[in-house]
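The values are calculated or read from the model by the stated rules, or taken from the named source; none is laboratory data. Nothing here was measured: the structure is a model prediction, and the numbers come from that model. Cβ: placed from backbone, ideal geometry, glycine included. Neighbour counts: every protein chain shown.
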Amino acid sequence: MGSITLEHVNKSFGEVEIIPDISLDIRDGEFVVFVGPSGCGKSTLLRLIAGLEDTTSGTILLDGQDVTDAPPARRGLAMVFQSYALYPHMSVRDNIAFPLKMAKLPQDVIDQKVDYAARTLNLASYLDRRPRALSGGQRQRVAIGRAIVREPKAFLFDEPLSNLDAALRVNMRLEITELHQQLKTTMIYVTHDQVEAMTMADRIVVLNAGNVEQFGSPLDLYKKPANRFVAGFIGSPKMNFVDGPEAAKHNAHSIGVRPEHFKLSTTEGAWKGTVGVAEQLGSDTFLHVQTDGLGLMTIRTDGDQTFRHGDVVWLTPDPTRIYKFDAAGKAI
Amino acid sequence: MARRVSTSTKVGFTVLAWAVALLIFSPILWTVLTAFKTEAEAIAAQPTFFPQNFTLENFGAVQDRSDYFKHAINSIIVSFGSTILGLIIAIPAAWSMAFAPSKRTKDILMWMLSTKMMPAVGVLIPIYLIFRDLRLLDTVHGLTLIMTLINLPIIVWMLYTYFKEIPVDILEAARMDGAELWNEIVHVLVPMAVPGIASTLLLNVILAWNEAFWTITLTSGRAGTLTAFISSFSSPQGLFLAKLSAASLLAIAPILLLGWFSQKQLVRGLTFGAVK
């Protein structure tokens, strides 16, 4: 079991309020991703759940039990750090065995569990090495191994992939998702990368300045963003926003159109513009178009389109997929 | 860009460095040589460099007169005892300052260091009276205690500096792995800080070994260490140069050897974290 409930949690460092007031309900077995820009409080929120930081006020419940004042060692959660945080003076085997030793399990049970974890994570041939003799991906696997052996109520991941190179990151992303499907244990995952959030999460918490902007499934967030912040944060490339008279035509303070929701023409359309940069990825082409009076817009087209700097294009937003926002940025 | 250095410049600097080193080392060398001379040769108007009549009788005379071995054992007990006691107190203190600092941590560190700025003689009378009333005068445990206290600021400071270099993530990982404070310190912090702790230990053993002020003031015959031993030699037998040299050599030899064998460790520890 591993349901986690936050009730009116507040965290301040002295005068600075990092998290004003957050209430969340994370169900048992769920993969929840906290996503947001740097400094939005997502790591702090994770550390509050872990017990590495004390809440200023509010309650944290683990399986219905109040753990607000419990030290991290007593919460039964496992954490994987961005820096891996392996014990440099211990072998891989001792690193993975450490939480079991702390739980005072008998040696034969420890050996059995370490061997099992090592086999699952392809670490069997590295067990006697020190962490410094491992690559980044292997270190991250050891960190995950150390987390899974103790069969925690929930896993907490603090940007675990940001120190890895791009190819490895995609691999580890899949491995963690698979691990979740195998173990069916609650996982909370912090990242600033919205692609990781979209691909891994059952539900995403979008945080901004310590507030929850929206909590929902990835597709919910993409299709029905609650406000302009979420609309701009989820989706890559970013949504294009238009204010002023053009938005007023749709009875809104501002409107947003995703790069993939435009019809592109060289002869006619709603908005006229000139191609600035065309980024050709092969499968897609991203056009950065300077429109007349509406600013810079990003358009996604298929990879076969060949536009060049200076080409004149006409853009027509798909009328069923225009997002409208009021003056406060809330979706209408 | 690397600077080009001519061979003659290199030779010049090498000769200069050796000359300075020899100049600094010469009194010690002279002491060593004199220790093996007869008294007559030691004070001869035309001194010889090497002993003409090589003799070990000075060492026997020194041991007979004031029991070198008793003083040496006292030195070992006081210097190692006070350092280990200091480490036991300082490790938790440095842990809390490095990993759970408060607004006042910097001030406390400065205040601790400031106690080392005051001349020791400033607190001589109160400490002497306290020692007299607690019957700690001329006892090995009393001397160990005062040595622990006077070196504690340095031990805390050194450990604090080393601990600051340890990533806090690793200690947090230990906490998440179910380690209580004691296990976190014993299984994770201390093994990672071994180079720092070792050089702190060495430096403080040396400081305690060489400490003279409190040793001479608070002890006499029973608990005296080698510094007391040497000072007892200098005044009445000041004219017996060879015996004084032998006593000096005996007093500095153990710590000199310790320093010699651990110099790598000492240098590594003292420059730890200076360059990343």
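Counting only residues that are more than 10 Å from chain B (Cβ to nearest Cβ) and surrounded by fewer than 20 Cβ atoms within 10 Å (Cβ to Cβ), region A:94-112 holds 7 of them. On the basis of being of a type outside the set (Phe, Trp, Tyr), buried (at least 18 other Cβ atoms within 10 Å of the Cβ), more than 13 Å from every other protein chain (Cβ to nearest Cβ) and assigned to a helix (DSSP H, G or I), does B:Val205 make the cut? Here the answer is yes, as B:Val205 does meet what is asked.
For the condition assigned to a loop (DSSP other than H, G, I, E, B), at pLDDT 90 or above and in the same structural domain as A:His89 (by TED's automatic domain parsing), what is the one hit in A:Lys113, A:Lys104?
Working: A:Lys113 fails: assigned to a loop (DSSP other than H, G, I, E, B).
Answer to the check: A:Lys104.
State the number of residues belonging to region A:113-141 that are within 14 Å of chain B (Cβ to nearest Cβ), under 14 Å from A:Leu179 (Cα atoms) and among the aliphatic types (A, V, I, L, M). Break it down into steps so the answer makes sense when it comes.
Our first condition is that a residue be within 14 Å of chain B (Cβ to nearest Cβ); within region A:113-141, this holds for A:113-114, A:117, A:130-132, A:139-140.
Add one more test, that the residue is under 14 Å from A:Leu179 (Cα atoms), and what stays is A:117, A:140.
Now restrict to residues that are among the aliphatic types (A, V, I, L, M): A:117.
Number of matching residues: 1.
Against the condition surrounded by fewer than 16 Cβ atoms within 10 Å (Cβ to Cβ), touching an Asp or Glu at 6+ places or on another chain (Cβ under 7 Å) and either in the same structural domain as A:Ala201 (by TED's automatic domain parsing) or aromatic (Phe, Trp, Tyr) (or both), how does A:Thr59 come out, does it pass? Can you show your working first?
On the way: surrounded by fewer than 16 Cβ atoms within 10 Å (Cβ to Cβ): yes; touching an Asp or Glu at 6+ places or on another chain (Cβ under 7 Å): yes; either in the same structural domain as A:Ala201 (by TED's automatic domain parsing) or aromatic (Phe, Trp, Tyr) (or both): yes.
Considered against the rule, which asks whether it is surrounded by fewer than 16 Cβ atoms within 10 Å (Cβ to Cβ), touching an Asp or Glu at 6+ places or on another chain (Cβ under 7 Å) and either in the same structural domain as A:Ala201 (by TED's automatic domain parsing) or aromatic (Phe, Trp, Tyr) (or both), A:Thr59 comes out as yes.
For region A:22-41, give me each residue that is crowded, with 16+ Cβ neighbours inside 10 Å and over 24 Å from A:Glu151 (Cα atoms). Before the answer, list the steps.
Quick first cut of region A:22-41, residues crowded, with 16+ Cβ neighbours inside 10 Å only: A:22, A:24, A:26, A:29-36, A:40-41.
Within region A:22-41, A:Ile22, A:Val35, A:Gly36, A:Cys40, A:Gly41 qualify.
A Cβ distance below 9 Å, combined with a sequence gap of six or more or placement on separate chains, defines the contacts here; from region A:160-180, residues that are farther than 15 Å from A:Asp193 by Cβ reach residues that are in a helix (DSSP H, G or I) and among the hydroxyl-bearing types (Ser, Thr, Tyr) in the pairs A:Leu179/A:Thr120. Of the helices (runs of 4 or more DSSP H) entirely within region A:159-232, those holding at least 2 residues that are within 27 Å of A:Leu62 (Cβ to Cβ) and out of contact with any helix residue (DSSP H, G or I) (no Cβ under 8 Å at 6 or more places or on another chain) occupy A:166-183.
Only a single item in (1) modelled with pLDDT of 90 or more; (2) out of contact with any His (no Cβ under 8 Å at 6 or more places or on another chain) is not met by B:Ala174, and it is number (2).
Of the residues that sit in region A:60-84 and are without any contact (Cβ under 8 Å) to a residue 24 or more places away in the chain and either assigned to a loop (DSSP other than H, G, I, E, B) or among the basic types (Lys, Arg) (or both), which one is farthest from the other protein chains (Cβ to nearest Cβ)?
Kept after step one, since they are without any contact (Cβ under 8 Å) to a residue 24 or more places away in the chain, are these residues of region A:60-84: A:65-72, A:74.
Cutting the leftovers down to either assigned to a loop (DSSP other than H, G, I, E, B) or among the basic types (Lys, Arg) (or both) gives us A:67-71, A:74.
Values: A:Val67: 13, A:Thr68: 16, A:Asp69: 15, A:Ala70: 12, A:Pro71: 7, A:Arg74: 8 Å.
Result: A:Thr68.
Taken over region A:100-140, the residue count meeting the criterion of being over 17 Å from B:Met176 (Cα atoms) and either touching a strand residue (DSSP E or B) at 6+ places or on another chain (Cβ under 8 Å) or basic (Lys, Arg) (or both) is 6. The numbered conditions (1) outside any loop (DSSP other than H, G, I, E, B); (2) in contact with a Phe, Trp or Tyr (Cβ under 8 Å, 6 or more places away or on another chain) are all true for A:Thr267 except (1).
Sort out which residues of region A:32-59 are under 23 Å from B:Gly178 (Cα atoms), away from chain B (no Cβ under 14 Å) and not in a loop (DSSP other than H, G, I, E, B), and write them in order of number.
If we filter region A:32-59 for residues that are under 23 Å from B:Gly178 (Cα atoms), which is where we start, we get A:43-55, A:59.
Then keep just the ones that are away from chain B (no Cβ under 14 Å); that gives A:45, A:55, A:59.
Within region A:32-59, A:Leu45, A:Thr59 meet the criteria.
One residue alone among B:Trp157, B:Trp182 is within 30 Å of A:Asp94 (Cα to Cα) and either modelled with pLDDT of 90 or more or more than 14 Å from chain A (Cβ to nearest Cβ) (or both), and that residue is B:Trp182. Give the residue that is surrounded by the fewest Cβ atoms within 10 Å (Cβ to Cβ), with candidates limited to residues of region A:235-282 that are over 16 Å from A:Leu315 (Cβ atoms) and among the small types (Gly, Ala, Ser). So the residue we want is A:Gly282. Of all residues in region A:237-280, those that are touching a strand residue (DSSP E or B) at 6+ places or on another chain (Cβ under 6 Å), without any contact (Cβ under 8 Å) to a residue 40 or more places away in the chain and not hydrophobic (A, V, I, L, M, F, W, C) total 4. Per the conditions (1) in the same structural domain as B:Val186 (by TED's automatic domain parsing); (2) in contact (Cβ under 8 Å) with a residue 24 or more places away in the chain, the sole criterion not satisfied by B:Thr34 is (1). In this structure, A:Glu196 qualifies as crowded, with 16+ Cβ neighbours inside 10 Å, in the same structural domain as A:Leu121 (by TED's automatic domain parsing) and either modelled with pLDDT of 90 or more or more than 16 Å from the chain's Cα centre (by Cα) (or both).
Farther than 30 Å from A:Ala70 by Cα and basic (Lys, Arg), is that true of B:Lys116? Even if it seems obvious, please write down each step before you answer.
Details: farther than 30 Å from A:Ala70 by Cα: yes; basic (Lys, Arg): yes.
When the stated conditions are applied, B:Lys116 passes them.
Selection over region B:160-172 of residues that are within 12 Å of another protein chain (Cβ to nearest Cβ) and either without any contact (Cβ under 8 Å) to a residue 12 or more places away in the chain or in contact with a Pro (Cβ under 8 Å, 6 or more places away or on another chain) (or both) gives a count of 4.
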